[in-house]
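What follows is a set of notes on a single structure, which appears directly below.
Only the coordinates and a few stated rules stand behind these numbers; no lab work does. Bear in mind the structure is a predicted one, so any value in this text is a computation, not a measurement. Glycine gets a Cβ as well: all are built from the backbone with ideal geometry, and neighbour counts include every protein chain shown.
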Amino acid sequence: MKMRTLLLTTYYQLLIFTRVKVAVFFSFVFPVFLFIVFSFIWGRHNPDYSKFLLTGIIIMKVTSDALFSIGGAIVGYLQGGVLKFLKGLPTSVMVHLWALILSRALIAIVTSAALTGIGIWFFKIEFQPMELLYIFFGIAGAFIIFSFLSLTISFLAKDKSGDISLTNFVYFIMIFLSDIFYPLSELNPALGKIAAFLPTGPVIALTRGDAESGVWTLVWALIVAVIFYFSFKNHKIGR
């Protein structure tokens, strides 16, 4: 019964998501548009760059989903009294929270699969099965890290406007100080060191097949999970 409830709740979360046109645009249309335009400009005769760009945009999209869709929604449930309402329902409140997380994870996977399909069919990008597995691990790592980071920011921010401003600041730092669109670490080694230190560094490297970066991805996941635990604990105590 719980599994059926989880699946139904996830379905309704997906249905609600599809009715928000702005969310659909930035989750599906925008990343596909970026990949196609940049690939036609710089990667039409250079499949290596198209492959480089594809993995970067996938991580950009997953990072955006995790930062802007998870933390704010869950904290909004808490501060808006929605969790109290959900606790009064026959099903566990965790079912609804897991459904939210699962729906966003499914959206990230579907969009990533669509981007990969476009890269293979239209830009002749070739992937080995192991490379696709690395992309999946990178998606999972990015989703976990930035979901916890989003929750931490939401609990630490004093108001909604502060939450959005800080999340935007973190997002753009992570995106532009990284190897998502271009090999920053090669073009500017000084900035490359900063990019390698940020959590997007090992996640992108893992997505591109660097197995050793998996360790640092796991380390970052543990760090942000611990930071979230203490921020949540202090938030509860302070109320």
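The table below gives the values:
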| read-out | value |
| --- | --- |
| Qualifying trypsin sites (Lys or Arg not before Pro) for region 145-234 [loop in DSSP, other Cβ within 10 Å: at most 10] | Lys158 |
| Ascending count of other beta-carbon atoms within 10 Å, so fewest first, for His96, His45 | His45, His96 |
| Compactness of region 2-238 - radius of gyration and Dmax, Cα, Å | 18.4, 59 |
| Cα centroid separation - region 116-131 against region 188-239, whole Å | 28 Å |
